[in-house]
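Contents: one structure, followed by commentary.
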Amino acid sequence: MSTSATGGYLVPSATNAMEDEALRVFFQQMVTGITGIVGNLVRPRWQAEPPNMPSFGSDWAAIGVTKRTRDVNAYVTHRSVTDGNGNNVGTDYVHRTEVLDVLCSFYGPNCEANSELLAMGLEISQNREVMQLAGYGLVGVEDATMMADFFNNRDVTRIDLPFQIRRAQLYQYPVLDLQGAQATIVEDTGGVNGTITVTLHPSFGFNTSSSNVSGFGAGNWVI
């Protein structure tokens, strides 16, 4: 894996990301727990190989993320950490807040009641505990929309319930601590005044020493 020392593109060394199948399972379990609909009848909205439709008269739901809205800019911090060998290494932490627009569609004879169970149940703090432990928070529940679908040669009622979830993203990248640097001081006239070497000490700041050509007093100081 590339690091800031090797150059090239960097991929995260760690993330708190819950994506794809894990995210679908997360929302499926949430809807099942709050509404009481049987787990295998709360389904992803889009499936590569859709299963057979539930029998007519069954209560079921389909859920999925329809949109992601991110903060325009991420917040990047750098931390010095110690690896398993006791060496000081660095990590860049990229923080960003994201809002997920989620749409849950309810079907069956109790679709209206089940949509209300989810809308009301999301307001109970105990029902949001799993979300909070995962770093998620409820933004709000929007108005439900009633419409009709045509399944198995029959018209069925469908209730669409949109809601929004906010989550904090944290990605770690192997941007190592800077060990030191050398620079040359050049006068406006183009002459070289001196060179300066900086050796970094993550725990105490940095040491700076200068080698003089002219115009500077010799020194070695700690800032």
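A few remarks follow.
- The stretch 39-59, residues that are touching a residue at least 12 places away in the same chain (Cβ under 8 Å), surrounded by fewer than 19 Cβ atoms within 10 Å (Cβ to Cβ) and within 31 Å of the chain's Cα centre (by Cα): L41, P44, R45, W46
- The stretch 60-98, subset among the aromatic types (F, W, Y) and touching a residue at least 40 places away in the same chain (Cβ under 8 Å), residue farthest from A119 (Cα to Cα): Y93
Residue by residue, here is whether (1) farther than 30 Å from T82 by Cβ; (2) at pLDDT 85 or above; (3) in a strand (DSSP E or B) holds:
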{"residue": "V139", "(1), (2), (3)": "yes, yes, yes"}
{"residue": "Q164", "(1), (2), (3)": "yes, yes, yes"}
{"residue": "L170", "(1), (2), (3)": "no, yes, yes"}
{"residue": "I185", "(1), (2), (3)": "yes, no, yes"}
{"residue": "F206", "(1), (2), (3)": "no, no, yes"}
{"residue": "S214", "(1), (2), (3)": "yes, no, no"}
{"residue": "A218", "(1), (2), (3)": "yes, no, no"}
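- Residues within the stretch 148-169 that are under 21 Å from the mean Cα position of the chain (by Cα) and surrounded by fewer than 16 Cβ atoms within 10 Å (Cβ to Cβ), tallied: 1
- Residue match in the stretch 68-80 (condition: assigned to a loop (DSSP other than H, G, I, E, B), basic (K, R) and either assigned by TED's automatic domain parsing to the domain that holds Y136 or at negative phi (or both)): no
- Residue that is surrounded by the most Cβ atoms within 10 Å (Cβ to Cβ), among those in the stretch 109-137 that are in a helix (DSSP H, G or I) and within 16 Å of the chain's Cα centre (by Cα): M131
- Residues located in the stretch 39-61, provided they are assigned to a loop (DSSP other than H, G, I, E, B), out of contact with any strand residue (DSSP E or B) (no Cβ under 9 Å at 6 or more places or on another chain) and not charged (D, E, K, R): Q47, A48, N52, S55, G57
- Only one of the listed residues (F106, F26) is surrounded by 12 or more Cβ atoms within 10 Å (Cβ to Cβ) and assigned to a helix (DSSP H, G or I). That residue is F26.
The values are calculated or read from the model by the stated rules, or taken from the named source; none is laboratory data. The model shown is predicted, which means the values in this text are computed figures rather than measured ones. Every residue, glycine as well, gets a Cβ built from its backbone with ideal geometry; the counts of neighbours run over all protein chains shown.
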